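Below is one structure; the comments refer to it alone.
The values are calculated or read from the model by the stated rules, or taken from the named source; none is laboratory data. All values derive from a computational prediction rather than experimental measurement. As a convention, Cβ positions derive from the backbone with ideal geometry for all residues, glycine included, and neighbour counts pool all protein chains shown. These area figures cover heavy atoms from the full protein model, side chains too; ligands, DNA and RNA do not enter into them. Shrake-Rupley method; radii C 1.70, N 1.55, O 1.52, S 1.80 Å.
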Amino acid sequence: MQVKTVPTRPFDGQLPGTSGLRKKVAVFQQPGYLENFVQSVFDVLPDLPGSTLVLGGDGRFHNDAAVQTILRMAAANGVARVIVGRGGLLSTPAASELIRKSGALGGLILSASHNPGGPDGDFGIKYNISNGGPAPEKVTEAIHRRTQTIDRYLTVESADIDLQRDGATPLGTMAVEVVDPVASYARLMQQLFDFERLRALLTRPGFRLCFDAMHAVTGPYAHAILEGQLGAPAGSVINGTPLPDFGGGHPDPNPTYADQLIGRMFAADAPDFGAASDGDGDRNMIVGRRFIVTPSDSLAVLAANATLVPGYAAGLKGVARSMPTSGAVDRVAQALGIPCHETPTGWKFFGNLLDAGMATLCGEESAGTGSDHVREKDGLWAVLFWLNILAVRGQSVEQIVREHWQRHGRNVYSRHDYEGVDAGIARQIVADLRDALPTLPGRTVAGLKIARADDFGYTDTVDGSVSRGQGLRVFFDDGARIVLRLSGTGTEGATLRLYLERFEPDAARHGIETQAALQPLIDAAEALTGLKARSGRQQPDVIT
Ligand code: G1P
Ligand code: ZN
C-alpha cells in the first residue's frame with residue numbers, strides 16, 4: 001500500500017500545557033487540521049514504528065470520520081496495530097484501561113469531554129501515554145512545537161474500515177483490531193467491586209436506581225454492567241444511546257445540565273440512587289433521594305469508606321485533590337493518618353502520584369473521581385464504588401453523607417461559573433485581583449477579615465516540575481476561602497470560576513442551605529473582584 005505524503009502548513013493547534021486540542025467541529029473539518037495534530041503527535045514519538053495504539057472516542061459528531069483518518073495515518077506512519085472500540089467508541093477511562101492492559105505505546109482519545117456536540121458543537125483529541133494517562137507537559141509541549149513547523153503528513157489510500165465488526169482487519173502492514181469497548185473495562189470493575197453484593201442490592205425488590213448517560217458514551221457501559229451484569233431492571237439507565245449531538249443536551253453531570261435526572265430524584269417517587277456521567281464517561285454526579293452529593297464530599301466519603309470495597313480493602317496509600325476541591329478529603333486523610341496531596345486543576349497532576357504509589361484515590365470538585373486502577377478519572381467506577389458502599393452499609397446516600405459530616409464536620413462548598421464572558425474583561429478581572437494580592441492580608445471585606453492571599457503554585461515532588469499561576473486564593477481568618485481562576489477548557493469567550501468554601505464543625509448547622517451559608521463569602525468575592533458588575537452578569541450561569 002502506497003504511503004502518500006501530503007504537504008501541509010504549520011498551525012498553532014495546541015496550547016502548550018493543555019493535554020489535547022479542543023475546538024469547534026467546523027475547525028476540525030478544515031482539510032488537514034486534524035491531520036496536522038495527529039502527525040505532530042506521531043512525529044514526536046520515537047517508538048511509534050511497530051507499536052500498538054489504542055483509538056476511540058465518545059461518539060460525538062465527527063468521531064467516525066476522525067477515526068478513519070487516524071487509522072490511515074497510523075498505517076502510513078508504520079504503526080503495527082491499532083485497537084479500536086467497536087463503532088469507534090471508547091470512554092476515556094476504558095481507553096486508559098485498554099492502553100495499560102494491552103501494553104500499548106499510547107492512545108488517541110476523541111472527545112471534548114462535557115462540551116456540547118453536533119455539527120455546531122465541539123470536537124477534541126488528546127494523546128495518552130503508556131501508563132494510560134494524559135501526556136505530561138514535556139510531551140504536549142513537544143507536540144505543540146511540532147505543530148508550528150510541520151510541513152507534511154503521511155496517509156494511505158484505502159476504503160473505510162468496518163468498525164461494527166469485532167476482529168482484526170489489515171490496513172497495509174498494520175492490523176486494525178476492533179474490540180468490544182466494554183468487555184475489558186467491565187472485567188476490571190469485577191476485580192474492584194463486590195459484584196455479588198451489588199447484584200443483591202440492584203435486584204432487591206424496592207431498590208431503584210437511575211443512571212443518566214446523557215446520550216453520551218457511558219450508555220453502552222451502564223446498560224452492560226448495571227442492567228446486564230448486575231441485574232438492575234431495564235429502564236434503570238436513561239438516555240443510554242450515544243448520539244452524535246448528545247440529543248441536543250450539554251453532557252455535563254451537574255444539577256443544571258442533568259436536569260432530567262434531578263427531576264426524577266426530587267420527585268415524590270424518587271429512586272434510591274441517582275447518578276450521571278459526562279460525554280466521555282470520566283465525570284460523575286451522585287444523587288440521593290432529594291439529596292445532591294457535592295463532588296468534594298463524594299471524594300471524602302469514598303476515602304472514608306474505601307476499606308468496605310474489595311479493591312481497596314487493604315487501605316489507601318494516600319489521597320490527592322485539586323487545589324480548588326474542598327478540604328473535606330483532607331479531614332478524612334488526617335483521621336486515617338495517610339498523606340493528602342494538593343495539586344493544580346487537571347487530572348494529569350495525579351498521574352505521577354498514582355504511578356509513584358503516593359496516592360490511591362484522587363478527585364476534583366468538577367465531578368471527577370478516580371483511583372490507581374486507571375490514569376483517568378472514571379465516572380462509572382465512582383457509581384459502582386458508591387453502590388458498593390450502599391450495599392455494605394445498608395443506608396441511604398443522604399444518611400451516609402450526614403453521618404460523614406457529623407464525624408468529620410462539613411466543608412460547605414460551592415462553585416460559581418460565569419460562562420462566555422468577554423475574554424478581555426475576564427483576564428482583567430483576574431489580573432487585577434492578582435495585582436492586589438499582596439495588599440489583601442489584614443483587610444476586611446464584606447465583614448470578613450483576610451488572613452492571607454496567594455497565586456497557587458505547585459512543585460511536583462515526583463518529577464520536580466513547577467506549575468505557577470494555578471488559581472488566586474484568598475483565605476479568611478476563620479479558615480474560609482475563595483478561589484478565582486480562568487477555565488482552560490471552554491471554547492467560547494472565557495469562563496470564570498469562583499470557588500467558595502467554609503468549614504462548619506457544628507452538626508446543628510449542617511442542614512443549612514449551601515448558598516445561604518456561603519453568602520458572606522459571595523459578597524466578599526464581589527467586593528474583591530467586581531466580577532458581576534464588570535462582566536455584566538446578575539448571577540452565575542452554573543452553580544455546583
Ligand atoms: C475543568 C475542570 C477541571 C477538569 C477539567 C477537565 O477544567 O475544572 O477540574 O480537570 O475541566 O475535565 P477548567 O475548565 O476549570 O480549566
Ligand atoms: Zn470528561
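Every residue, every condition in (1) within 15 Å of ligand 1 (Cβ to nearest atom); (2) assigned to a helix (DSSP H, G or I); (3) crowded, with 24+ Cβ neighbours inside 10 Å, yes or no:
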position	(1), (2), (3)
Gly346	yes, no, no
Asn352	no, yes, no
His373	no, no, no
Glu376	yes, no, yes
* Structure fact -> Being of a type in the set (Ser, Thr, Tyr) and away from ligand 1 (no atom under 16 Å from the Cβ) narrows Ser51, Ser111, Ser91 down to just Ser51
* To do: Considering each of Asp252, Asp280 in turn, give the residue that is within 16 Å of ligand 1 (Cβ to nearest atom), touching an Asp or Glu at 6+ places or on another chain (Cβ under 6 Å) and at pLDDT 95 or above.
  => Asp280
* Asked: Would the stretch 260-276 turn up any residue that is of a type in the set (Gly, Ala, Ser), open to solvent by less than 10 Å² (accessible area, probe 1.4 Å), within 16 Å of Leu380 (Cβ to Cβ) and within 16 Å of ligand 2 (Cβ to nearest atom)?
  -> yes
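Rundown of residues vs (1) on the phi < 0 side of the Ramachandran plot; (2) surrounded by fewer than 24 Cβ atoms within 10 Å (Cβ to Cβ), yes/no style:
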position: Val25; (1), (2): yes, yes
position: Leu45; (1), (2): yes, yes
position: Ala95; (1), (2): yes, no
position: Gly103; (1), (2): no, yes
position: Leu110; (1), (2): yes, no
* For Gly420: the one exception among (1) closer than 16 Å to Ala525 by Cβ; (2) among the small types (Gly, Ala, Ser); (3) within 16 Å of ligand 1 (Cβ to nearest atom) -> (1)
* Kindly indicate whether Leu361 is in contact (Cβ under 8 Å) with a residue 12 or more places away in the chain, over 23 Å from Asn254 (Cα atoms), more than 16 Å from ligand 2 (Cβ to nearest atom) and crowded, with 24+ Cβ neighbours inside 10 Å. => no
* Pairs with Cβ under 9 Å, 6+ apart, first in the stretch 474-493 and within 16 Å of ligand 1 (Cβ to nearest atom), second of a type in the set (Asp, Glu) and open to solvent by 50 Å² or more (accessible area, probe 1.4 Å) -> Ser487/Glu419; Gly490/Glu419; Glu492/Glu419; Gly493/Glu419; Gly493/Asp422
* Residue count for the stretch 487-516, restricted to those that are part of a loop (DSSP other than H, G, I, E, B) and of a type outside the set (Gly, Ala, Ser) -> 8
* **Within the stretch 54-83, tally of residues that are of a type outside the set (S, T, N, Q), within 22 Å of Asp280 (Cα to Cα) and open to solvent by less than 10 Å² (accessible area, probe 1.4 Å)** => 12
